[in-house]
Amino acid sequence: MAKAVRIPRAGVSFVTTATHARRPIFEITRVAELFVDTLLHYRTLGHYKLHAYVVMPDHIQLLLTPQSMTLDQAVALIKNGFAYRLETDLPVWEEGFKAYSVANMHDLEVVRAYLHQLPVRANLAAAAELYPHSSAYRQAPVTAMPSPSDSTASDRPSRRSVSDGTTSLRKIAS
């Protein structure tokens, strides 16, 4: 029997996606900065509200609310936009991503705190505010949780894995 997949509802989502074969491409500062620039570029264009983010060496985690597009489309835009800017023929991302709906302001703060502490737990920084590839670093302003009238999120988080076909790109950044 097939396992049912719960789809996150409109509203804030906690998204995790990994690099292809978990390669630590974001250990290269220039590559991590390029990803953050891409993330902030699409936010500035209004494709999503960005509540928090962290770029770890081999994966990224985001708290975002898509605007006038689905979560699948927002994540694909970020992943494909970054891969295009990176100009590599090698695959950049694992297929798909994991997403959890964030039900309320308390859950948003719990997830944001967890997300910001990841570099500290991985011994990449002494404090969350000192890790430059995170919204805790205050590189960019983040958006507050939308009001209940802006979202149909329930009190219970949901999870899903999605497959997208981001597999090969142009030439690797050195």
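What follows draws every value from the coordinates through simple rules; no lab data is involved. What you see is a predicted model, and the numbers here were worked out from it, not measured in a lab.
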What the Cα atoms of segment 49-106 span along the principal axes, largest first and in whole Å, is 41, 27, 17
Whole-number value, in Å³ per residue, for the convex hull of the alpha carbons of segment 1-119 is 122
Can you run phi through the Karplus equation (6.51, -1.76, 1.60; θ = phi - 60°) for segment 36-45 and list ³J(HN,Hα) in whole Hz, with x for Gly and Pro?
-> 4, 4, 4, 4, 6, 4, 5, 5, 4, 6
Once phi for every residue in segment 120-127 is put through the Karplus expression 6.51 cos²θ - 1.76 cosθ + 1.60 (θ = phi - 60°), the whole-Hz ³J(HN,Hα) values, with Gly and Pro written as x, are 5, 4, 8, 6, 8, 7, 6, 8
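Looking at segment 20-60, what % of the alpha carbon pairs are farther apart than 16 Å? Could the numbers behind the result be given before it?
Numbers: 314 of 820 pairs.
The proportion of pairs with Cα distances above 16 Å equals 38 percent.
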Amide proton proximity set for V12, modelled H, under 5 Å, gap of 5+ = V102
Report ³J(HN,Hα) in whole Hz for each residue of segment 12-17, in order, from the Karplus equation J = 6.51 cos²θ - 1.76 cosθ + 1.60 where θ = phi - 60°; Gly and Pro get x.
-> 6, 10, 9, 10, 10, 9
